[in-house]
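To start, the structure itself, in structure tokens.
The values are calculated or read from the model by the stated rules, or taken from the named source; none is laboratory data. A quick note: this is a predicted structure, and the numbers were derived from the prediction, not measured. Cβ coordinates were reconstructed from backbone atoms using ideal geometry, including for glycine residues, and neighbour counts include every protein chain displayed.
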Amino acid sequence: MAAVYKAKHMKLDALRAIKIIREEWTSQQNFIARFNREARLLVKLQHPNLVQIHDFFEEQRHLFLVMEYVSGGTLAQRLKKRKRLPEGEILPIIMQALSGLEEAHRHEIVHRDISPGNLMLSEDNNGDVRVVIIDFGIATASGGLTSGNKLTVAGRFLGKPEYCSPEQAMGLAIDHRSDLYSMGLVLFRGLTGVTPFKAKTPRETLALRRSADAPRLSEAAPDLMFSEEIESVLGKVLERDPAHRYSSALDFRLALKHILPKDIKSTDVYPTVTIKSETDSDENPDLDTGSRQPDTDTFTYSVPNLRNVFIGVFLALIMIVFGVYLAVKYLVNPEPERIHAPIEPTSFVTETPTPAATAMTDQFLTEVSTDD
């Protein structure tokens, strides 16, 4: 569907990721109008767990989407190396992603392509990982979403069969609960190392999604032990009927927080992301489902208090200005200015009285004696 390139904004001296939609898609009827409409919605999304859209424009029948560039790799790349992750690692990753979905769903935007390849992991200098949901290329406003004009374009399925919801596979109207189902499949894959629905072809996978229930974790990975709590959470979010799933990303995230291992620090999630210049799906090279992005390690990231940061910076600037003022004043006038001439010390007692002093003393004594 698109190719993504790493670019540099020359005036801002900042890295960006630019997605270029292929011309074969822009030639579709009403595609450009829909792209512009949905891009305006995506620009409004301001959340650390969502890739930031900076700009979008059309040039010679090509559509360009300018996004933030974040270094790191995808969850898909990490799972490819390690197959599966312990609960203490995968749960915080999913919780951060759900935090981002909360914001998108608040704006009535459904991602529709949640998968490990669209979850970026960016590690900071402290070893903490920020999770960012990327590739909103087929996202859409949830209002009025129907199978006729949104789910497919020119007969192509948008999304990945392994991670789509049953209603998406059947071409029905979808809402935010479809994203929750897909996130549940990502969690299932991260815990067991396999997807619950796998067939020989994408078409068979979609058919299986429409008719089969997801297995339990212990059935997919009998060599591992899973708590009844995590089995219950996944059983609920992977219900085929959307009405039986969690009603919001917040509810799903709080359910995971409740079963988070005690030794894992639980914090409000914050996050940033890199983009891979690939154009095909990592898991389904025969499907034209969009571009991917790159991977890294660990899980929590605390949100800084910007108000306190600004106050600290302001006070520091005041101290610096005051210090510069004192330094300049000392250099220009290093010693305080004298207002009066120094007073020389005077001796009030002499060793030998002067003749005038002796005469005055005798006169004083004579006057005192006369008074008596």
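Annotations
- Considering (1) at pLDDT below 90; (2) surrounded by 17 or more Cβ atoms within 10 Å (Cβ to Cβ), the lone condition that residue 149 does not fulfil carries the number (2).
- Subset of region 80-128 [at positive phi and surrounded by fewer than 18 Cβ atoms within 10 Å (Cβ to Cβ)]: 83, 108, 127
- Residues that are surrounded by fewer than 24 Cβ atoms within 10 Å (Cβ to Cβ) and in a loop (DSSP other than H, G, I, E, B) within region 158-183 comprise 158, 170, 171, 172, 173, 175, listed in sequence order.
- Near pairs, Cβ below 6 angstrom, 6+ apart or cross-chain, from region 175-186 (within 12 Å of residue 236 (Cβ to Cβ)) to any residue that is in a loop (DSSP other than H, G, I, E, B) and small (Gly, Ala, Ser): 181/165
- The residues on offer are 76, 39, and the sole one that is among the aliphatic types (A, V, I, L, M), in a helix (DSSP H, G or I), under 21 Å from the mean Cα position of the chain (by Cα) and at pLDDT below 90 is 39.
- Only one of the numbered conditions (1) over 21 Å from the mean Cα position of the chain (by Cα); (2) surrounded by fewer than 19 Cβ atoms within 10 Å (Cβ to Cβ) is not met by residue 63, and that is (2).
- Residues of region 117-139 satisfying the condition of being charged (D, E, K, R) and modelled with pLDDT under 90: 123, 124, 128, 135
- Restricting attention to region 79-125, the residues that are part of a helix (DSSP H, G or I) and closer than 24 Å to residue 254 by Cβ total 22.
- Yes/no for residue 26 being surrounded by fewer than 18 Cβ atoms within 10 Å (Cβ to Cβ) and among the β-branched types (Val, Ile, Thr): yes
- Counted residues, region 1-36 - those being among the polar types (S, T, N, Q) and assigned to a strand (DSSP E or B): 0
- Qualifying residue in region 30-37 (condition: buried (at least 21 other Cβ atoms within 10 Å of the Cβ) and either closer than 18 Å to residue 130 by Cα or in contact with a strand residue (DSSP E or B) (Cβ under 7 Å, 6 or more places away or on another chain) (or both)): no
- Selection within region 184-228 - surrounded by fewer than 21 Cβ atoms within 10 Å (Cβ to Cβ), under 20 Å from residue 83 (Cβ atoms) and among the basic types (Lys, Arg): 198, 216
- Scanning region 1-30 for residues that are among the hydroxyl-bearing types (Ser, Thr, Tyr) and at pLDDT 85 or above gives a single hit, 5.
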